[in-house]
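All remarks here apply to the structure that follows.
The values are calculated or read from the model by the stated rules, or taken from the named source; none is laboratory data. Computed from a prediction, not measured in an experiment: that's the story for all the values here. Cβ coordinates were reconstructed from backbone atoms using ideal geometry, including for glycine residues, and neighbour counts include every protein chain displayed. We work out accessible area using only protein heavy atoms, side chains counted, and drop any ligands, DNA or RNA first. Shrake-Rupley method; radii C 1.70, N 1.55, O 1.52, S 1.80 Å.
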Amino acid sequence: MSRSILCGLIGAGIQRSLAPALQEGEARHHGIRMHYQLIDLDRSSRGVQALPGLIEAARLMGYTGLNITHPCKQIVMPLLDAISGEAQAIGAVNSIVREDDRLVGYNTDGCGWSWGFRRALREADLARVALLGAGGAGAACADAVLRMGAERLAIFDRDLARAEALAVRLNGYFNGGRAHACPDLESALAGATGLIHATPTGMAKSPGMPLPELLLRPTMWVAEVVYVPLETSLLRAARRVGCRTVDGGHMNVGQAIGAFRLFTACDADPARMEAHFRRLVSQAP
């Protein structure tokens, strides 16, 4: 007899998210009836101030799990009963699981990013990586790329204090003082062998370029976290310049595989989930 579970996604501007179809589709292959609800903060005049009430409502309504996305990955942490070690190290939560009467925060973004990155650019040069964006997604990518062996990580964020705080936290977990904050994009990208873009710029609700195209060089690789749309202005510009690129779909599928395991205690089929994701993208308006 199949079991039924209730899951969802909390974030802003998420109506085009593919998470419901992706998670519900994989669940059916495991004999699980999953209902995956989009909880879009843009549909409330309260915005992120609605988050505490939504988390408490999820607890009362018996949600099995929640995914958390921009702009809630960091501000949700004090609202939870416990945080996993990896999420603590990253400083952000992207998945919440109900464990008995407790809500526990996890982070599958970091492992999801490295899973996708290795599949797309197996031999990428990690000598000097530039990170644009020090929010929840950026923190997860930073943690992941340092675990993969990046020698230097230059972090730029419009909020310099946030970039500096992330560098301090990372250097507390990783030896060698490999992470440092940069006051401007130019210094962050100087000599960079690769760029990780982890800001909302390029999303359907925030179109545009996150940096001037002239800062890109053909010797760099460029990894995007935005996946709606999959083909962002940054990726098009990077390809024009001659950069090797990784679209945001790789990280999205990777983190979804991890979240599915947390929600269901079942191992998703990576190839099937990625094929499903690419089909969904190709069919999207």
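Data for the structure
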item: Heavy atoms of Asp267 accessible to a 1.4 Å probe, total area in Å² rounded to 10; result: 110 Å²
item: Debye equation applied to the C-alpha atoms of the range 1-133, log10 I(q)/I(0) at 0.21 Å⁻¹; result: -1.34
item: P(r) weight above 13 Å for the range 106-149, C-alpha pairs, percent; result: 53 percent
item: Accessible surface, the chain, averaged per residue in Å² (probe 1.4 Å); result: 43 Å²
item: Under 13 Å, Cβ to Cβ, from Pro183 - net charge with Lys/Arg +1 and Asp/Glu -1; result: -3
item: Solvent-accessible ranking of Arg102, Arg43, largest area first, probe 1.4 Å; result: Arg43, Arg102
item: Area of Trp115 that stays accessible when all protein chains are in place (1.4 Å probe, Å², to 10); result: 60 Å²
item: Space enclosed by the convex hull of the alpha-carbon atoms of the range 150-285, per residue, Å³; result: 148 Å³
item: Percentage, to the nearest whole number, of Cα pairs in the range 12-56 over 12 Å apart; result: 65 percent
item: Residue-count net charge about Leu234 - beta-carbon cut-off 12 Å; Lys, Arg +1, Asp, Glu -1; result: -1
item: Of all DSSP beta bridges in the range 110-210, antiparallel share, percent nearest 5; result: 10 percent
item: For Ala223, distant residues with modelled amide H under 5 Å away; result: Leu195, Ile196, His197, Val246
item: Rg(Cα)/(2.2 N^0.38 Å) for the chain, N = residue count; result: 0.97
item: Spatial separation of Cα centroids for the range 38-71 and the range 155-207, in angstrom; result: 28 Å
item: Rounded accessible area of Val76 (nearest 10 Å², 1.4 Å probe); result: 0 Å²
item: Filtered trypsin sites (Lys or Arg not before Pro), the range 199-248: DSSP coil and at most 14 other beta carbons within 10 Å; result: Lys205
item: Scattering curve values for the range 117-191, log₁₀ I(q)/I(0), Debye with Cα scatterers, q = 0.18, 0.25 Å⁻¹; result: -0.63, -1.18
item: Evaluated at q = 0.21, 0.30 Å⁻¹: base-10 log I(q)/I(0), Debye formula over Cα of the range 155-194; result: -0.63, -0.98
